[in-house]
Amino acid sequence: MAKEQQPPWSDILKRRLANTKKDEKSDEEKKAEETELFTKYYTEWKGGGDKDQSYKNIPRFYYRLPAEDEVLLQKLREESRAVFLQRKSRELLDNEELQNLWFLLDKHQVPPVSGEEAMISYEAYLQVGEKAGPKCNKFFTARVYSKLLHSDPYGRISIMQFFNYVMRKVWLHQTRIGLSLYDVAGQGHLRESDLENYILELIPTLPQLDGLEKSFYSFYVCTAVRKFFFFLDPLRTGKIKIQDILACSFLDDLLELRDEELSKESQESNWFSAPSALRVYGQYLNLDKDHNGMLSKEELSRYGTATLTSVFLDRVFQECLTYDGEMDYKTYLDFVLALENRKEPAALQYIFKLLDMENQGYLNVFSLNYFFRAIQEQMKLHGQEPVTFQDVKDEIFDMVKPKDPYKITLQDLVNSCQGDTVTSILIDLNGFWTYENREVLVANDNDGSSTADLDDS
């Protein structure tokens with residue numbers, strides 16, 4: 001009787017146990033079922049699965065670059081890029097179309113003339129845009145007009161300024177296309193070898209470089225390329241963006257050599273000119289006393305006025321790339337660019353790295369004292385009374401005004417606009433002497449100019 005009165009749940013449990021024994025699954029089957037259920041519930045929770053079709057419409061945004069052994073894919077990529085750049089080149093205004101644009105602008109000028117410049121109103125500007133053709137549409141917009149609108153009382157813009165704007169845009173696009181042809185990877189940047197090929201093929205088109213011997217071409221290219229990479233690749237990644245090349249003034253300086261009547265002063269101040277390149281290379285050869293093509297620390301110590309401290313030169317050879325303790329021409333170029341452009345952030349970064357002996361990211365009193373001691377020693381050798389470090393330290397901190405009163409960071413040096421003076425005080429006796437006697441030098445300059453004025457009168 002007791003068995004007949006068992007609760008229903010006991011029967012259910014017995015049947016479940018019996019079924020389990022009959023249908024036992026292997027561990028692999030259980031894991032597969034578990035994974036299937038997890039995937040099903042997880043996709044439902046995330047809103048995916050077949051219910052949400054939007055995931056199937058996401059456009060492809062990553063395209064793998066062909067590997068070195070995939071020759072056919074590489075060739076296909078090169079050809080497609082070449083076709084694309086040709087199409088972009090055809091979209092630019094050619095000389096005939098630019099002449100036609102100038103003719104239309106001149107025909108639609110609106111009086112009165114402002115000074116000596118012809119002006120054009122917004123209405124006439126839109127009329128020219130309609131007649132100039134589809135290639136010019138992007139130049140005839142309200143945004144462009146407002147950029148060039150200054151203080152004309154009639155709300156007009158200068159025709160010459162607008163035409164120069166168009167010319168500049170066309171030149172930028174032409175140059176970008178020209179540089180992109182050398183971008184082997186097609187990623188919008190140039191490697192050192194890419195830029196070397198570009199400049200090497202550019203040399204015959206620059207009249208100011210006609211006098212260079214072909215044997216010097218490789219040294220000229222190296223000299224030119226180093227300036228781009230020293231200033232535009234501060235992290236030394238080995239590549240620079242084409243966009244950065246276009247944004248800086250270096251390309252303008254390089255292409256300025258197309259001018260056959262470039263003045264002597266302009267050539268001397270242009271790093272890319274033949275006289276400048278020959279000067280830098282000539283200095284390197286003069287320093288190389290043993291004629292092995294490399295510079296030792298002793299040879300480099302005669303650089304400039306031969307007043308760089310031995311402590312600083314030690315740091316140069318510790319931090320910079322050397323071969324058996326000697327410096328090659330490429331490393332020498334970085335050294336020259338840093339010392340000749342001490343006001344520039346990239347040059348200050350180069351020198352700061354040498355001054356920051358312990359790689360702390362800042363200069364403290366110990367660092368300053370370590371380098372200034374060498375200046376004091378040089379002063380003694382020249383029979384001068386050494387200046388006390390305490391006075392110099394206070395002047396440096398007063399000049400820089402760092403955020404932390406006990407530490408000077410690279411950003412502090414850049415922000416103070418006194419980085420060139422501070423670094424000169426610490427590494428170069430001649431630089432320190434110039435700073436120490438600045439008031440006397442200014443007075444002498446003023447006396448000289450006053451004497452000249454009296455002579456003229």
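The values are calculated or read from the model by the stated rules, or taken from the named source; none is laboratory data. These numbers come from a predicted model, not from an experiment. Using ideal geometry, Cβ is built from the backbone for each residue, glycine included, and neighbour counts are taken over all protein chains shown. These accessible areas exclude ligands, DNA and RNA; they are computed on the full protein's heavy atoms, side chains included. Shrake-Rupley method; radii C 1.70, N 1.55, O 1.52, S 1.80 Å.
For this structure, a couple of remarks:
- The fraction of accessible area contributed by carbon and sulfur in the range 187-277 is 47 percent, rounded to a whole number (1.4 Å probe; ligands and nucleic acids excluded).
- For the range 70-182, Kirkwood radius (reciprocal of mean inverse C-alpha pair distance, Å): 15.9
- Phi to ³J(HN,Hα) by Karplus 6.51 cos²θ - 1.76 cosθ + 1.60 over the range 165-178, Hz, x for Gly, Pro: 4, 4, 4, 5, 5, 5, 5, 4, 5, 4, 5, 5, 5, x
- Taking 0.36 nm per residue of separation and subtracting the Cα-Cα distance, full extension of the segment from residue 340 to residue 377 would add 10.9 nm.
- Relative contact order of the range 288-441, defined on C-alpha pairs under 8 angstrom at six or more residues apart (%): 24
- Cβ crowding within 10 Å averaged over residues, with 220-227, 369-376, 164-171 ranked highest first: 220-227, 369-376, 164-171
- Between residue 126 and residue 68, full extension at 0.36 nm per residue minus the direct alpha carbon distance yields a gain of 15.7 nm.
- Sequence-ordered 3J(HN,Hα) estimates for the range 35-40 from the Karplus curve with 6.51, -1.76 and 1.60 and θ = phi - 60° stand at 5, 4, 5, 4, 4, 4 Hz, glycine and proline given as x.
- Near the amide H of residue 133, within less than 5 Å, lie no amide hydrogens of residues on another chain or at least 5 residues away, with H placed in the peptide plane.
- Within the accessible area of the range 288-441 (1.4 Å probe), percent carbon and sulfur: 50
- The spacing between the range 223-263 and the range 346-419, judged by their C-alpha centroids, is 31 Å.
- Using alpha-carbon coordinates, inclination of helix 122-132 to the longest axis of the chain, degrees: 70
- What the Cβ-Cβ distance of residue 235 and residue 107 gives, at R0 = 51 Å and to the nearest 0.05, is a FRET efficiency of 0.45.
- At R0 = 51 Å, FRET efficiency that the Cβ-Cβ distance of residue 292 and residue 80 yields, to 0.05: 0.60
- Per residue, the chain exposes 63 Å² of accessible surface when a 1.4 Å probe is rolled over the protein heavy atoms with every protein chain present.
- Other residues whose C-beta falls under 11 angstrom from the C-beta of residue 419 contribute a net charge of -1, scoring Lys and Arg +1 and Asp and Glu -1.
- Cα long-axis angle, helix 8-22 against the chain (0 to 90 degrees, to the nearest 10): 70
- Distant alpha-carbon pairs in the range 288-441 (separation over 24 angstrom), percent: 32
- In degrees, nearest ten, helix 71-90 long axis to first principal axis of the chain (Cα): 60
- When the convex hull of its Cα atoms is projected in every direction, mean area for the chain (nm²): 47.5
- With a Förster radius of 45 Å applied to the beta-carbon distance between residue 172 and residue 37, the computed FRET efficiency rounds to 0.15.
- Label-zone membership for the range 106-129, site residue 148, 7 angstrom Cα→C-beta point, backbone N under 13 Å: 106-110, 118-129
- Placing +1 on the Cβ of every Lys and Arg and -1 on the Cβ of every Asp and Glu, with nothing else charged, gives the chain a dipole about its Cα centre of roughly 2960 debye.
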